[in-house]
Protein chains: 2
Amino acid sequence: MNSNFTIAVHSLVYLAYLPGHMASSEAIAHNVATNPARIRKVMSILRNSGFLKTKEGIRGGYMLGEDPEKITLGDVYEAIARGELQPNWQTGDPEQGCPVSSNTQSVMDYIFKEAEDTYASFLYQFTVASVLQKIKAGV
Amino acid sequence: MNSNFTIAVHSLVYLAYLPGHMASSEAIAHNVATNPARIRKVMSILRNSGFLKTKEGIRGGYMLGEDPEKITLGDVYEAIARGELQPNWQTGDPEQGCPVSSNTQSVMDYIFKEAEDTYASFLYQFTVASVLQKIKAGV
DNA sequence: TTGAACTGTACAAAATAAAATTACAGTATG
DNA sequence: CATACTGTAATTTTATTTTGTACAGTTCAA
């Protein structure tokens, strides 16, 4: 998995930390410790999923579009990282006669998909608000 | 995650498919579609975890060390892939005064660890035997 | 109505991680 | 003692991730 999910959560928490405030990609990038272009790419996806409002032009930037208690990490995961837990590498060879060589990949696909479902489900218990609370508590 | 877990499962299933037979790293590599050195590296870990027996020298190779119904994918995951679901990239900057910048990483570490626990737990329901069965059934 | 401060997006470059390859010492067998 | 194997390390190649650069489009305010 790449770290877009981490960046998305961090950015949303940062916006929840500054309610009613428009934050620029540069300010968020500084807080997250990455570059503004990457933040803007991640934020584009989050905007398309309705988690935030963006504004172009001078005094533009990003703001939460929903109550931080309504945004779960499961939602964020689904929007930005679904499918990235499974490695791309393919095992076996579909042309071989041996069923172990030709069919293991499809069984692994099934197992990875189900496992990722439980992973995503687990994340529904956390919200942007609850993560911010943990951060403030210094856990 | 790299694909060592996939390779481990595939190799164990292949051995279960040929009970009582010593398979060489070359034979397994051919079935899995990778190179023998990589198979030997993965098999070393599986041997250390007690899943299989290895024999060096002529007519040597690999054999299951346990009943394939006893080896769960959860066990295999723990042995070979624990910790690889979380990205290495670190968010924020511990030196910044803002708690969101300095503490988000540790909260994410906690969430990733718990989420991986549920991922691994899920895998305990599958065994090498049950995977082989699915493969034979052509799912 | 113009220029300054932004986003949105694409593309290229650099850094990192994963996979394949090569090599060779060690071990068992016949 | 030659052959067929494992065990392991080092190197090269390839793929992925991250960063950096560029620029068109948008908004605001003087």
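The values are calculated or read from the model by the stated rules, or taken from the named source; none is laboratory data. The shown structure was predicted, so the numbers you read here are calculated from the model rather than taken from an experiment. Using ideal geometry, Cβ is built from the backbone for each residue, glycine included, and neighbour counts are taken over all protein chains shown. Just the protein is used for accessible areas: all its heavy atoms, side chains included, with ligands, DNA and RNA removed. Shrake-Rupley method; radii C 1.70, N 1.55, O 1.52, S 1.80 Å.
Tabulated values for the structure
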{"item": "In the range A:59-78, the residues that are of a type in the set (A, V, I, L, M, F, W, C), more than 10 Å from chain B (Cβ to nearest Cβ) and in contact with a strand residue (DSSP E or B) (Cβ under 9 Å, 6 or more places away or on another chain)", "result": "A:Met63, A:Leu64, A:Ile71"}
{"item": "Hits in the range B:41-66 (condition: acidic (Asp, Glu) and touching a residue at least 24 places away in the same chain (Cβ under 8 Å))", "result": "none"}
{"item": "Residues being surrounded by 14 or more Cβ atoms within 10 Å (Cβ to Cβ) and acidic (Asp, Glu) - total across the range A:66-78", "result": "3"}
{"item": "Looking only at the range B:28-51, and only at residues there that are open to solvent by 40 Å² or more (accessible area, probe 1.4 Å) and away from DNA strand C (no atom under 13 Å from the Cβ), the one that is nearest to the other protein chains (Cβ to nearest Cβ)", "result": "B:Ile45"}
{"item": "Within the range B:87-139, tally of residues that are closer than 21 Å to B:Val9 by Cα and outside any helix (DSSP H, G or I)", "result": "6"}
{"item": "Every pair of residues 6+ apart whose Cβ atoms lie under 6 Å, when the first sits in the range A:96-110 and is within 7 Å of chain B (Cβ to nearest Cβ) and surrounded by 15 or more Cβ atoms within 10 Å (Cβ to Cβ) while the second is modelled with pLDDT of 95 or more and outside any helix (DSSP H, G or I)", "result": "A:Ser101/A:Gly92; A:Ser101/A:Asp93; A:Thr104/A:Thr91; A:Thr104/A:Gly92"}
{"item": "All positions within the range B:115-129 that are surrounded by 14 or more Cβ atoms within 10 Å (Cβ to Cβ) and either in contact with a strand residue (DSSP E or B) (Cβ under 9 Å, 6 or more places away or on another chain) or at the interface with chain A (Cβ under 7 Å from one of its Cβ atoms) (or both)", "result": "B:Ala115, B:Thr118, B:Tyr119, B:Phe122, B:Leu123, B:Phe126, B:Thr127, B:Val128"}
{"item": "Hits in the range B:79-94 (condition: of a type outside the set (A, V, I, L, M, F, W, C), within 10 Å of another protein chain (Cβ to nearest Cβ) and open to solvent by 70 Å² or more (accessible area, probe 1.4 Å))", "result": "B:Asn88, B:Gln90, B:Pro94"}
{"item": "Number of the exception - A:Ala23 against (1) within 15 Å of DNA strand D (Cβ to nearest atom); (2) in contact with a Gly (Cβ under 7 Å, 6 or more places away or on another chain)", "result": "(1)"}
{"item": "Single unsatisfied condition, A:Met63 versus (1) farther than 30 Å from B:Asn35 by Cβ; (2) surrounded by 20 or more Cβ atoms within 10 Å (Cβ to Cβ); (3) among the aliphatic types (A, V, I, L, M)", "result": "(2)"}
